[in-house]
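Take a look at the structure set out below.
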Amino acid sequence: MSLTEDDAERKRAVLREVLEALMSGKLGVVSRHFAPGVMFSNRSNAGVIDGPWFGRLEGDFRLAGEAETRSFLNELMQKAKYISYEERGLVIEQDSAASLCNWMRRNEKDGTLVSGTTMWWFFFTSDSRIRYVESISSIHSVLPAREREAAEA
């Protein structure tokens with residue numbers, strides 16, 4: 001079965017809405033796009049600076065329904081408030097998709113600037129809801145507030 005243009009556009013619109021919510025920190029009602037029992041698999045090299053926080057959300061999580069999905073996404077976004085982000089591509093193939101996002105965020109505790117990339121993979125149900133999300137994030141650079149302030153002076 002081939003992917004029709006309508007199916008691809010519907011999935012692209014869903015993913016853009018979900019990625020915008022995740023990266024902007026404005027969840028809205030994107031939890032409706034996830035199927036009951038959705039599985040999130042999160043990995044990163046964030047232990048370098050954010051070990052305790054990412055340790056709680058790194059791994060595999062099966063979420064029972066919309067309320068649990070909304071709660072999980074809220075927790076995920078609490079610490080990941082991005083200053084900027086850029087989608088670097090979105091590919092849709094049959095019942096799967098992939099996207100790459102570059103981002104920068106500020107650590108709220110100490111003002112450190114962190115930049116990185118997240119690769120996302122999505123798998124859909126037959127009714128175009130997301131049934132599986134895998135993310136792998138990589139931190140590229142960490143600029144401590146002290147060094148940034150000295151460079152700006």
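The values are calculated or read from the model by the stated rules, or taken from the named source; none is laboratory data. Treat the numbers as computed from the prediction; the structure is a model and nothing was measured. FYI the Cβ positions are ideal-geometry reconstructions off the backbone, even for glycines, and counts take in every protein chain you see.
Observations, loosely collected:
- When the range 20-62 is limited to residues that are under 25 Å from residue 110 (Cα atoms) and among the aromatic types (Phe, Trp, Tyr), the one that is modelled with the highest pLDDT turns out to be 54.
- Residue within the range 68-88 that is among the aliphatic types (A, V, I, L, M), surrounded by fewer than 16 Cβ atoms within 10 Å (Cβ to Cβ), free of Cβ contacts under 8 Å to residues at least 60 places away in the same chain and assigned to a strand (DSSP E or B) present: yes
- Residue ID - surrounded by the most Cβ atoms within 10 Å (Cβ to Cβ), chosen from residues in the range 89-125 that are outside any strand (DSSP E or B) and at pLDDT 90 or above: 95
- Just one of the listed residues (21, 35, 13, 8) is within 14 Å of the chain's Cα centre (by Cα) and either in a helix (DSSP H, G or I) or over 22 Å from residue 102 (Cβ atoms) (or both), namely 21.
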